[in-house]
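**Student:** Quick one: this structure, given as structure tokens, is what I'll be asking you about.
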Amino acid sequence: VAGLCRVLARRGVSVAPFKPQNMALNSAVTVDGGEIGRSTALQALAAGIEPHSDMNPVLLKPQSDRGAQVILRGRAHGYMDALEYHAYKQTARVSVLEAWQSLARRYDVIIAEGAGSPAEVNLREHDIANMGFAEMIDCPVVLVGDIDRGGFFAQLVGTLALLGDSERSRTRGFIVNRFRGDITLLEPGLEWLTEHTGKPVLG
């Protein structure tokens with residue numbers, strides 16, 4: 001997301017990052033006096049803009065294995081355990097949509113980043129962090145696979161297999177992240193991936 005924001009900003013595009021929900025202890029103070037995940041703040045700087053609380057409307061700061069402090073649009077909202085927060089997501093969803101709409105009024109392009117895997121079927125109901133958010137606002141999706149960790153092709157094909165029909169159709173293609181080495185050794189796999197899924201490798 002930082003790279004895409006920087007590329008677009010250098011081309012003169014008005015762009016901002018967005019992460020609907022983030023779980024992180026490392027946070028940054030925003031220009032409006034709020035608090036967001038540090039990674040989102042870095043992405044804002046890559047876009048050449050000041051970090052704002054709208055860019056990460058839900059920040060979960062773990063306090064234990066089962067609970068976290070909930071920060072909504074930059075402001076502390078209290079502590080919730082995992083089950084409490086899961087039930088609270090419908091309310092958090094409102095904050096996510098309001099923050100997205102606020103950014104959409106100020107910027108021409110918004111690059112939204114998911115959290116974790118978009119294929120976590122146990123968390124799909126009331127999802128506001130991944131495909132649930134993409135469905136809410138009807139945006140295109142690019143799946144990014146980290147080839148450095150291994151299992152890259154299984155990761156992408158398996159993710160697509162676990163998505164719903166509308167989620168699969170909004171997925172425009174793939175990006176290979178953290179590739180090192182001779183690209184000619186990877187190309188047969190990328191060609192197979194496109195043939196198998198019908199979706200292009202974008203970069």
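The values are calculated or read from the model by the stated rules, or taken from the named source; none is laboratory data. Keep in mind that this is a model prediction, so the values were computed, not measured. Cβ: placed from backbone, ideal geometry, glycine included. Neighbour counts: every protein chain shown. Note: areas computed on protein heavy atoms with side chains; ligands, DNA, RNA excluded. Shrake-Rupley method; radii C 1.70, N 1.55, O 1.52, S 1.80 Å.
**Student:** How big is the antiparallel share of DSSP beta bridges in region 61-203, given as a percent to the nearest 5?
**Tutor:** Counting DSSP beta bridges with both partners in region 61-203, the antiparallel share is about 55 percent.
**Student:** Taking Cα atoms, how many degrees apart are the long axis of helix 183-197 and the longest axis of the chain, rounded to 10 and kept between 0 and 90?
**Tutor:** For 183-197 against the chain, the angle is about 80 degrees.
**Student:** Using a 1.4 Å probe on the protein heavy atoms, what percent of the accessible area of the chain belongs to carbon and sulfur?
**Tutor:** Summing carbon and sulfur atoms, their accessible area is 52 percent of the total for the chain.
**Student:** If you average the C-alpha positions of region 135-203 and of region 37-116 separately, how far apart do those two centres end up, in angstrom?
**Tutor:** Centre-to-centre (Cα) distance: 26 Å.
**Student:** Name the aspartates and glutamates eligible as straight-distance cross-link partners of LYS199: C-alpha to C-alpha under 18 Å, and not fewer than 8 places from it in the same chain.
**Tutor:** Filter leaves ASP146, ASP165, GLU167, GLU187, GLU191.
**Student:** Probe of 1.4 angstrom, ligands and nucleic acids ignored: what's the accessible area per residue over region 99-175, in square angstrom?
**Tutor:** Heavy-atom SASA per residue in region 99-175 reads 50 Å².
**Student:** Next question. Just from its helices, what would the mean residue ellipticity at 222 nm be for the chain, if runs of 4 or more DSSP H residues each count -39500 (n - 2.57) and the sum is divided by every residue, rounded to the nearest 500 deg cm²/dmol?
**Tutor:** The helix contribution divided over the chain gives -12500 deg cm²/dmol.
**Student:** Also: What is the local net charge at GLY132, summed over the other residues whose Cβ is closer than 11 Å to its Cβ (Lys, Arg +1; Asp, Glu -1)?
**Tutor:** -2
**Student:** Treat each spin label as a single point 7 Å out from the Cα along the C-beta direction, and report the ILE183 to SER64 distance in nm.
**Tutor:** 5.1 nm
**Student:** Could you rank the peptides 49-56, 110-117 by their average count of other C-beta atoms within 10 Å per residue, with the highest value first?
**Tutor:** Ranked from most to least packed, the peptides come out as 49-56, 110-117.
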